[in-house]
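Visitor: Starting off with a structure, shown below.
The values are calculated or read from the model by the stated rules, or taken from the named source; none is laboratory data. These numbers come from a predicted model, not from an experiment. Side chains are part of the model used for accessible areas, which takes the heavy atoms of the whole protein and leaves out ligands, DNA and RNA. Shrake-Rupley method; radii C 1.70, N 1.55, O 1.52, S 1.80 Å.
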Amino acid sequence: MTMNRLIAFAIIALCSLATPLSGVAEENIATLRGNAALNQQGEAPVTAKPMKDDVKRHRNYPMQPPVIPHNIQGYQVDLKVNKCLSCHARKRAEDAQAPMISVTHYMDRDGNFLADVSPRRYFCNQCHVQQSDARPLVENQFKDIDQILKESGK
Ligand code: HEC
Ligand code: HEC
């Protein structure tokens, strides 16, 4: 093979590799920025509405942090103030009629129970998010353990 042929061959090989890949990117990733060209500002997507109907949502597995079913706009959580704990702390739950943060929120990483909320559970929004009415970006094939057990006939 001459050098030219070798290069041509390499280009063809690369192209046939790249085509299916770019197809995937267009379908799944490119849609995040819409059809806007790379050097253009796309139209901002409609902001999904947070659901704040005070109705508890289903948990897909016991260890799932429940989603927040109420408004949290402007709720301050920083070194000095934790708005969430003003209702969800053990001492506040009765007055606020809010579910108390569960016992895991009082445990350090070695499993010891602390008197107050553990620092690793202080920044609530690290794990808890509001449910919104957004459509899923990609298809979700998650199956509940109950469904898996049912399908396996147990
Ligand atoms: C004014 C009191 C109040 C504040 C402040 C508050 N919550 Fe709540 N929260 C509640 C109440 C009451 C419920 C029970 C459902 C409802 O009424 O919305 C609840 C429900 C929840 C739930 C659902 C629990 C479950 O079992 O499904 C989560 C998670 C939660 N809150 C997290 C937070 C986080 C995180 C913050 C701070 C960003 C926060 N809350 C601030 C009162 C409060
Ligand atoms: C590191 C992740 C994490 C952080 C940070 C965190 N949580 Fe949770 N939370 C969870 C998980 C996981 C669950 C469900 C299992 C459990 O109870 O541990 C949960 C459960 C809850 C529940 C339901 C309790 C129940 O008994 O049903 C409430 C209410 C809650 N969290 C509020 C909060 C608040 C308020 C904060 C901030 C002070 C917070 N969480 C911080 C992970 C977290």
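Visitor: Taking θ as phi - 60°, what are the ³J(HN,Hα) couplings along the stretch 142-148 by the Karplus curve (6.51, -1.76, 1.60), each to the nearest whole Hz, with x for Gly and Pro?
Guide: Values per residue, Gly and Pro as x: 4, 10, 5, 4, 4, 5, 5 Hz.
Visitor: Compute log10 of I(q)/I(0) for the stretch 101-154 with the Debye formula, placing one identical point scatterer on every Cα and leaving out solvent, at q = 0.29 Å⁻¹, to two decimals.
Guide: The computed values of log10 I(q)/I(0) come out as -1.09.
Visitor: Follow-up question, since we're still on this one. Compute the orientation-averaged projected area for the stretch 35-86 from the convex hull of its Cα atoms and round it to one decimal in nm².
Guide: Averaging across all directions leaves 7.3 nm² for the Cα convex hull.
Visitor: Turning to a different aspect of this structure: Could you work out the relative contact order of the stretch 52-122, using alpha carbon pairs under 8 angstrom and six or more residues apart, expressed as a whole percent?
Guide: 15 percent
Visitor: Quick check: at a probe of 1.4 Å, how many percent of the accessible area of the stretch 48-133 sits on carbon and sulfur atoms?
Guide: Solvent-exposed carbon and sulfur of the stretch 48-133 make up 54 percent of the total.
Visitor: Also: Cα atoms only: what Rg and Dmax, in Å, come out for the stretch 35-154?
Guide: 18.8, 55
Visitor: Now for a separate question. At 1.4 Å probe radius, can you tell me the per residue accessible area of the stretch 48-133 in Å²?
Guide: 76 Å²
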